[in-house]
Structure formats: structure tokens, C-alpha cells
Amino acid sequence: MSELREAEVTRKTKETDITVKVQLEGTGNIRINTSVKFLDHLVTSFATHSLIDIQIDATGDLIHHTAEDVALTIGEAINKALGERKSIKRFGFAIVPMDDALAYSAVDLVKRPFQVADLKIDKEGIEDMPAEDIYHFIQSFSTSLQANIHVIVEYGNNDHHKVEAAIKAMALSMREAMSPDSRRDGTPSSKGMM
């Protein structure tokens, strides 16, 4: 896999205006300012540990719309950059501890979107982001990426740590799944297509 996998996607609605650029062979560089501080923190953590370079220009009217549309646009950009998903590992998994919290994630980059997120958030929100919007971010990302993503927090006392561990686990499992497989020539499926 010699060519760089990159893409740019713009999503403009009456509620949001978002442009995302991704470079899958990156180093985790991130430029983001959504005006939702915890969302910026989560996406920064995702980029850092997936090693995907991500640039995001985003404005939105409400936290819910911004979080949803940022997730949809990131997922769509990575989906576009993956192309036909040939010669990739396809599957990835990771377990991440963060202080008191432990989270794990498994990803299948098959083109059948499905997600399970059990973050064990106890409060109504974390920092400036409602808990339901954190769950919705993962769901929207999985849908637009067309991936099967399971993210589970095993335990933890601090909601911030639990969610951050989950996002880091998701990032590491994505990094593994989208990595080139030097032994595979073609689609990683017994069906011959994703």
C-alpha cells in the first residue's frame, strides 16, 4: 500500500458547517476547535492514539448537533480514505487502562455498521458534554464509517477517565484494523467483498 490514504469531507446543514480532512498514514496531528471542549478533547485523544492526522473546522448551533455531525463527518472521511478496504487487517482490538478505569474495544471494518457502547457513565454529562451525546458520537461515527464497533468500560470510578479510556481503546483498535496487511492481496473477506 504505497499511496497515502487521505480524504476531505464537508457537511453543511442548517445546524452545522463542518469540514474534516484525514490522513490515515499520519502521526496523530490534530487541529480542532468545535467550541465543545470535551468533544475536542475526545477527538484529540482519538487522533493521537489512532495516528490519524485530523483537521476539523466546525461550527454548530447546539452541542448535540455539533457532536453528531463532527462524528458523521470524521467517519465519512475515514470511510472515504479507506476506499475499497483492500489489503488491510480489517479487525482490531485494544484494552486500555486509565488510572481507575479499564476499557476495551473491538473493531471490524466490514461495511456493516453496528455499534455497542457501554461507557458506564454515572453523571448526566462530563465537562460541557451531555452523556447521551457521548454515546451518540460513537453511534454516529460507527454508522458513517460503516464499521462494527464495540466499546466497553469494564470498571472505573471517574466518568472522565472511563470515557477517555474507551476512546483511546477505540483509537488503538481502529489503528490496528486499518493497518496494511503485507500478507494479504485483496479484500479481507471469504466472500470476496466487504
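Looking at region 42-86, which trypsin sites (Lys or Arg not before Pro) are in a loop (DSSP not H, G, I, E or B) and have at most 13 other Cβ atoms within 10 Å?
none
Quick one: helix 159-177 against the long Cα principal axis of the chain, what's the angle to the nearest 10°, folded into 0 to 90?
Approximately 10 degrees, to the nearest ten.
If you place +1 on the Cβ of every Lys and Arg and -1 on the Cβ of every Asp and Glu, how big does the dipole about the Cα centre of the chain come out, in debye to the nearest 20?
980 debye
Determine which residues of region 124-164 fall in the zone a paramagnetic label at PHE93 would reach in this model, i.e. backbone nitrogen under 13 Å from the point 7 Å along Cα→Cβ.
150-152
Given the DSSP H assignment, sum -39500 (n - 2.57) over each helix run of at least 4 residues in the chain and divide by its residue total; what's the result at 222 nm in deg cm²/dmol, nearest 500?
For the chain, the value works out to -12000 deg cm²/dmol.
When only alpha-carbon atoms count, how far does region 71-135 stretch along each of its three principal axes, as whole angstroms with the largest first?
Reported extents, whole Å, longest axis first: 41, 25, 18.
Take the Cα atoms of region 6-177, build their convex hull, and give its volume per residue in Å³.
Per-residue hull volume (Cα only) is 92 Å³.
Can you give me the long-range amide H partners of GLY26? Hydrogens built in the peptide plane at 1.01 Å from N, cutoff under 5 Å, separation of 5 or more residues or another chain.
When sequence neighbours closer than 5 places are left aside, the close amide H contacts are ASP53.
Connecting C-alpha atoms closer than 10 Å in a GNM of the chain, tell me which of ARG175, ARG90, ARG184 has the biggest fluctuation.
Of ARG175, ARG90, ARG184, the most mobile in the Gaussian network model is ARG184.
Most exposed first by the Cβ proxy, i.e. fewest other Cβ within 10 Å, how do LEU82, LEU42 rank?
With the sparsest Cβ surroundings first, the list reads LEU82, LEU42.
Mind checking the angle between helix 37-50 and the chain's longest principal axis? C-alpha axes, 0 to 90 degrees, to the nearest 10.
Here the helix axis deviates by roughly 30 degrees.
As I understand it, the dipole of region 51-194 uses +1 on the Cβ of Lys and Arg and -1 on the Cβ of Asp and Glu, about the Cα centre. Which of GLY60, SER182, VAL110 lies farthest toward its positive end?
SER182
Exposure proxy check: LYS123, LYS162, LYS111 ranked by fewest other beta carbons within 10 Å?
So the residues, fewest neighbours to most, are LYS123, LYS111, LYS162.
Count the lysine pairs in region 6-177 whose Cα atoms sit under 15 Å apart, keeping only pairs 8 or more residues apart in sequence or on different chains.
Value for region 6-177: 7.
Give the angle, between 0 and 90 degrees and rounded to the nearest 10, that separates the Cα long axis of helix 131-145 from the longest principal axis of the Cα atoms of the chain.
That helix lies at roughly 20 degrees to the long axis.
Exactly which GluC sites (Glu not before Pro) in region 1-76 are in a DSSP loop and have at most 10 other Cβ atoms within 10 Å?
GLU3
Considering only region 86-194, what is the antiparallel percent among its DSSP beta bridges, to the nearest 5?
Antiparallel: roughly 80 percent of the beta bridges in region 86-194.
Could you give the distance between the Cα centres of region 1-72 and region 92-126, to the whole Å?
19 Å
Got a sec? How would MET98, MET178, MET170 order by Cβ neighbour count within 10 Å, fewest to most?
The order, fewest Cβ neighbours first, is MET98, MET178, MET170.
FYI, it's all coordinate maths here, none of it is from the lab. Because the structure is predicted, anything quoted here is derived from the model rather than measured. As a convention, Cβ positions derive from the backbone with ideal geometry for all residues, glycine included, and neighbour counts pool all protein chains shown.
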